[in-house]
1. Going by amide H atoms built from the backbone, whose H comes under 5 Å of the H on Ala122, apart from near neighbours?
2. Within the set of other residues whose C-beta is less than 14 Å from the C-beta of Val254, count the net charge using Lys and Arg as +1 and Asp and Glu as -1.
3. If I stretch the segment between Glu347 and Ser310 completely, what's the gain in nm (0.36 nm per residue apart, minus their alpha carbon distance), one decimal?
4. Taking θ = phi - 60°, what integer Hz values does the Karplus form 6.51 cos²θ - 1.76 cosθ + 1.60 yield along region 344-349, in sequence order, with x for Gly and Pro?
5. Which of the peptides 267-277, 306-316, 206-216 is most tightly packed, and how do the rest follow, judged by the mean count of other Cβ atoms within 10 Å per residue?
6. What part of the accessible area of region 251-329, given as a whole %, is carbon or sulfur when the probe is 1.4 angstrom?
7. Ordered by residue, what ³J(HN,Hα) values in Hz, to whole numbers, does region 82-94 give under the Karplus form 6.51 cos²θ - 1.76 cosθ + 1.60, where θ = phi - 60° and Gly and Pro are x?
8. Applying the Karplus parametrisation 6.51 cos²θ - 1.76 cosθ + 1.60 with θ = phi - 60° to the phi angles of region 143-159, what ³J(HN,Hα) value in whole Hz is obtained for each residue in order, glycine and proline being reported as x?
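The values are calculated or read from the model by the stated rules, or taken from the named source; none is laboratory data. A quick note: this is a predicted structure, and the numbers were derived from the prediction, not measured. Positions of Cβ are backbone-derived with ideal geometry, glycine not excepted, and every protein chain shown enters the neighbour counts. What goes into the accessible areas is simple: the full protein's heavy atoms, side chains included, and nothing from ligands, DNA or RNA. Shrake-Rupley method; radii C 1.70, N 1.55, O 1.52, S 1.80 Å.
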Amino acid sequence: MERADPARPKARGRAAEPASASESDLTDLLVSVLAQLAHETGARRAVAWLAPGTGAPVAATARGGEDPPQSLTPAGFAALAAGERARDLANARLPEAARQLVERHGFTAAVAVDGNGRDASAVILLEGGAEARGVRPRALAALEAAARRVASPIAAVHAARRLAQLDADVLRLDRLAGIGSLLAEIVHEVRNPLVSVKTFLQLLPENLDDVEFRENFLSVVNDEVGRIERLLDAVLEQARPAQLGSEAARRGSVGQALETVAGLLAHRAADAGVELAVDASPELPPVALPTDALRQVVLNLATNALEATSPGGDVRLAARSLGHAVETSVADRGPGVPAALRRRVFEPFFSTKPGRPGGLGLAISRRIVEEAGGTLAVVERSGGGAVFRVRLPAKPDAADR
């Protein structure tokens with residue numbers, strides 16, 4: 001090989017190895033190493049190709065010439081990176097694509113960086129002079145030394161790239177998991193309004209001539225259909241709960257929610273042989289939760305209470321004012337919740353019933369309440385059973401303040 005002119009300007013770069021695995025530090029190191037390699041071996045040019053993540057390999061940098069070579073395929077990269085030692089390309093068996101690249105640019109030697117074939121993280125090639133006949137052993141030794149020097153930094157950058165891709169994949173999976181959870185939640189939330197509609201349809205034939213019944217339940221059905229519409233709007237906007245505009249819309253009536261739920265479940269309670277009663281003062285102030293959301297919470301709790309209560313028992317829906325808060329309670333006569341499990345019952349899919357999978361009702365209810373600044377807890381009921389207590393901040397009208 002011809003000896004390069006020592007006076008020839010060297011490419012930019014630092015001689016020291018980078019302190020981090022950044023792309024810019026790696027580029028600086030490669031430029032410096034390739035410049036030194038070309039000078040030591042007398043090559044006209046040294047080129048480093050980084051292994052492809054996807055697609056074609058990338059010519060990271062070059063020493064000498066105007067532009068890096070182009071059009072190296074993954075198969076060509078693997079062929080040039082074959083073997084663990086630097087090698088003379090004049091004696092190498094290369095596929096046609098790699099052979100054309102070598103002959104077009106006059107590459108005479110190659111070495112794989114940290115690997116063999118497709119496992120290599122990079123490959124370094126030397127371009128010799130036109131009169132060169134074979135590659136000197138000293139040039140191959142210098143090529144191997146250069147490969148060892150850049151192996152760790154290149155591996156670090158590849159690892160950083162893989163971590164970045166892993167982070168992106170984790171975020172994508174997390175988003176998909178969130179969509180799955182949201183879908184399960186939507187199914188659960190839509191089912192509750194459908195209970196109202198189904199109940200109305202079941203009771204309609206025997207109350208067809210009852211004008212008051214028709215008016216009351218038509219109003220309920222309209223409210224529940226509107227609730228489904230608001231839920232779907234919230235999903236489309238990727239916001240939950242829906243952002244309601246007026247101050248009045250963000251307040252809810254506890255008494256109205258309890259009466260509505262009691263009306264919806266009266267038929268089911270009667271069929272189960274369970275007494276369903278409501279005890280709420282008409283003087284209760286509004287709370288910081290829309291009525292439809294409050295109704296959803298109470299319906300979840302009351303439905304669970306009916307399922308837990310045996311025939312002959314009772315379920316009580318009650319509400320009372322506690323200073324700047326309103327407490328709503330749903331009490332049943334079921335087996336109760338052991339003290340050790342009173343936190344876990346609010347976890348998604350947890351159930352105290354052996355052999356029966358849990359659902360999302362309590363988890364959703366607690367989240368709705370907590371987002372409004374309230375609390376939802378379960379305690380023991382005197383005489384047996386459980387009491388679920390919802391405490392929400394009172395939000396009186398401006399005229400009442």
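1. Ala51, Val113
2. +1
3. Length gained, Glu347 through Ser310: 10.8 nm.
4. Taking θ as phi minus 60°, the curve returns 6, 5, 8, 7, x, 6 Hz for region 344-349.
5. The densest-packed peptide leads the list: 306-316, 267-277, 206-216.
6. 49 percent
7. Karplus-based 3J(HN,Hα) across region 82-94 equals 5, x, 9, 10, 4, 9, 7, 6, 5, 9, 8, 8, 10 Hz.
8. 5, 5, 5, 5, 5, 5, 5, 9, 4, 5, x, 5, 4, 5, 5, 4, 5
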